[in-house]
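Asker: The following block contains the structure, expressed as structure tokens.
Rule-based calculations on the coordinates, nothing more; no lab input. All figures in this text were calculated on a predicted structure; none of them were measured in a lab. We place every Cβ from the backbone using ideal geometry, glycine too, and count neighbours over all the protein chains shown.
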Amino acid sequence: MTATFSKEEKAAMRAAAAEAKAAQQGADLEAACLAAIAEMTGTDKELAETLHQLVRTHTDLRAKTWYGMPAYTNADGKVVVFFQAAAKFTARYATIGFQQDANLDDGNVWPTSFAVTKLTAADQDRLVELLKKAVR
């Protein structure tokens with residue numbers, strides 16, 4: 001069986017290669033993150049802007065892009081949290097995901113990504129709790 005990648009997956013791989021090159025050349029990684037958010041539309045853009053503001057206000061994580069998506073790294077440069085727009089892979093919801101460097105461990109089972117269609121004030125409070133826990 002041969003593995004085939006969708007055009008969206010191929011675009012994400014190209015974006016990752018370009019991001020690595022840009023980082024090596026000292027590019028402004030936060031500007032790239034903000035540009036990725038600016039390219040979004042509708043709910044995806046609103047959600048990404050909200051996440052960006054929450055991360056910037058409540059953590060010391062650094063913004064960048066990761067496979068073309070807004071992402072936030074720790075001091076070691078490891079992605080802790082990312083935002084995947086619904087439009088990225090033609091999904092019905094956006095995703096806020098946490099990578100293994102997030103300190104979210106809670107027993108034997110814990111969530112690492114969340115489907116998101118809207119962020120109410122209560123949702124934002126919960127997300128801030130998770131972000132703070134992730135960077136402990």
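Asker: Would you calculate the separation in nanometres between label points at Asp101 and Lys7, each defined as 7 Å from the Cα along the Cα-to-beta-carbon direction?
Answerer: My value for the distance between the label points is 3.3 nm.
Asker: A further question follows. Show which lysines lie in cross-link reach of Lys132 when reach means a straight Cα distance below 20 angstrom and same-chain residues fewer than eight apart are skipped.
Answerer: Lys64, Lys78
Asker: Let me ask another. Could you give me the ³J(HN,Hα) list for segment 82-87, computed from phi with Karplus coefficients 6.51, -1.76, 1.60 and θ = phi - 60°, whole Hz, x at Gly and Pro?
Answerer: Going residue by residue, I get 9, 10, 10, 5, 4, 5 Hz, with x marking Gly and Pro.
Asker: Taking the Cα centre of the chain as the origin, how large is its charge dipole in debye, to the nearest 20, when only Lys and Arg (+1) and Asp and Glu (-1) carry charge on their Cβ atoms?
Answerer: 240 debye
Asker: How large is ³J(HN,Hα), in whole Hz, for each residue of segment 104-121 in order, when computed from phi with the Karplus curve 6.51 cos²θ - 1.76 cosθ + 1.60 and θ = phi - 60°, using x for Gly and Pro?
Answerer: The phi angles translate into 9, 3, 8, x, 8, 9, 8, x, 10, 8, 9, 6, 9, 10, 6, 10, 6, 4 Hz.
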